[in-house]
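What follows is a set of notes on a single structure, which appears directly below.
Values quoted throughout were computed directly from the atomic coordinates according to the rules given, and no laboratory measurement underlies them. Note that this is a predicted model, so its numbers are computed, not measured. Cβ atoms come from the backbone with ideal geometry, glycine included; neighbour counts cover every protein chain shown.
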Ligand SMILES: Nc1nc2c(ncn2[C@@H]2O[C@H](COP(=O)(O)OP(=O)(O)OP(=O)(O)O)[C@@H](O)[C@H]2O)c(=O)[nH]1
């Protein structure tokens, strides 16, 4: 069995082989180091399937200077977030603001002190990690820890585009807890929060495929997005979700529908024949959910597009 290499990746770009060797020596223990002497090669490595976590970039190179290369990296969606640190001789730093304007995060000047170079690189990696973490929080619902509405909107748009490109169906389940106001009124808001957390964990645990996605869409409403899922499959899954929530048997004496917490659902499928907008899909699921509520709750209704 091969051991997983979790060390961060660093890309060193310099047209002088000796400079690359010098920096490789500094990083080889704790990093996975790759190097490029030409800008095209650097761009290729930066866009690879496993891109570098940080790039050390020489400023003066014959074909394309470091500023230009840095600007190209910052222009591309795929490489924009990789921190770039310029490594250069003091005499070459004629205008340090130019590097920052091109998108670099720092300068390291030669001759350098290896522990200092390492510490600065680690600092930038740490900042990048924290930034990514912060960014991910913007898409997570704080109470239930499933995706939030913003994330759902994003996912719906991209999955709908993908479904339309690939000619595969995409299904959506809009689900809502029945008489949740009465639940809060009977058991208290804290118990209501616990109930929502439990439902979110249970529902997300039921999603099998890697593309399946659940988000909290509103107070007691969730959306389940199911790529490559047709009418029959979504109906089957919705029934399964309803059964599993019934089996939790969370007491709800004031429900009037059952003695436990139940769900109503609207399901809709974007087939291969029509091309709805994200809004069309949500509205069709919403109409179906409304119909399920109207028909007595604790049931599933199918929505239709157009
Ligand atoms: N505990 C808790 N309650 C919430 C949260 N978000 C929304 N709610 C409550 O959910 C309830 C939703 O009430 P309604 O929209 O009237 O719907 P309902 O009582 O579930 O009735 P139906 O949907 O028609 O079955 C409101 O009382 C909200 O206060 C939350 O984060 N925590």
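Would you mind checking the tilt of helix 149-166 against the longest principal axis of the Cα atoms of the chain, expressed as 0 to 90 degrees and rounded to 10?
Between helix and principal axis, roughly 90 degrees.
Only bridges whose two residues both fall in the chain count here: according to DSSP, what percent of them are antiparallel, nearest 5?
Values: 22 of 44 bridges.
Once the DSSP bridges in the chain are tallied, antiparallel ones form about 50 percent.
With a Förster radius of 41 Å, plug the Cβ-Cβ distance of residue 233 and residue 81 into 1/(1 + (r/R0)^6) and report the FRET value to the nearest 0.05. Walk me through the numbers before you get to the answer.
Working: r = 36 Å, r/R0 = 0.88.
So, using R0 = 41 Å, E works out to roughly 0.70.
In nm, give the distance between the simple-model label positions of residue 28 and residue 60, each being 7 Å from the Cα along the Cα-to-Cβ direction.
Rounded to a tenth, the inter-label distance reads 2.7 nm.
Radius of gyration and Dmax for the chain's Cα atoms, expressed in Å?
26.4, 80
From the Cα trace of the range 1-115, what convex hull volume per residue do you get, rounded to a whole Å³?
Details: hull volume 12.5 nm³, N = 115.
It comes to 108 Å³ per residue, whole-number rounded.
Could you tell me the center-to-center distance, by alpha carbons, between the range 161-203 and the range 96-134 in angstrom?
Cα centroid of the range 161-203 versus Cα centroid of the range 96-134: 43 Å apart.
So what is the calculated 222 nm ellipticity per residue for the chain, using -39500 (n - 2.57) for each DSSP H run with n of 4 or more, over all residues, to the nearest 500 deg cm²/dmol? Walk me through the numbers before you get to the answer.
Working: 10 runs with 138 residues, N = 306.
The helix contribution divided over the chain gives -14500 deg cm²/dmol.
I want the antiparallel fraction of DSSP beta bridges within the range 149-302, as a percent rounded to 5.
Values: 21 of 24 bridges.
Once the DSSP bridges in the range 149-302 are tallied, antiparallel ones form about 90 percent.
So how tilted is helix 66-75 from the main axis of the chain? Cα-based, degrees 0 to 90, rounded to 10.
Helix 66-75 sits roughly 10 degrees off the main axis of the chain.
With everything on Cα atoms, drop me the angle between helix 17-27 and the longest principal axis of the chain, reported from 0 to 90° to the nearest 10.
In the chain, helix 17-27 runs at an angle near 50 degrees to the longest axis.
Starting from the Cα of residue 136, step 7 Å along the direction of its Cβ; do the same at residue 257; then give the gap between the two resulting points in nm.
It works out to 3.4 nm between the two label points.
Give me the extension gain from residue 15 to residue 129: residue separation times 0.36 nm, minus the current Cα-Cα distance, reported in nm with one decimal.
Values: separation 114, 0.36 × 114 = 41.04 nm, distance 2.92 nm.
38.1 nm is the gain from fully extending residue 15 to residue 129.
For the pair residue 207 and residue 71, what calculated FRET efficiency results from E = 1/(1 + (r/R0)^6), where r is the Cβ-Cβ distance and R0 = 35 Å, to the nearest 0.05?
Taking R0 as 35 Å, the efficiency between residue 71 and residue 207 is 0.25.
When the expected Rg is taken as 2.2 N^0.38 Å, what fraction or multiple of it is the alpha-carbon Rg of the range 130-269? Display every interim value, and only then the final one.
Values: Rg = 15.7 Å, N = 140, 2.2 N^0.38 = 14.4 Å.
Here the Cα radius of gyration is 1.09 times the empirical estimate.
To the nearest 0.05, how large is the calculated FRET efficiency for residue 273 and residue 191 if R₀ is 45 Å and r is the Cβ-Cβ distance? Display every interim value, and only then the final one.
Numbers: r = 45 Å, r/R0 = 1.01.
The value I calculate is 0.50.
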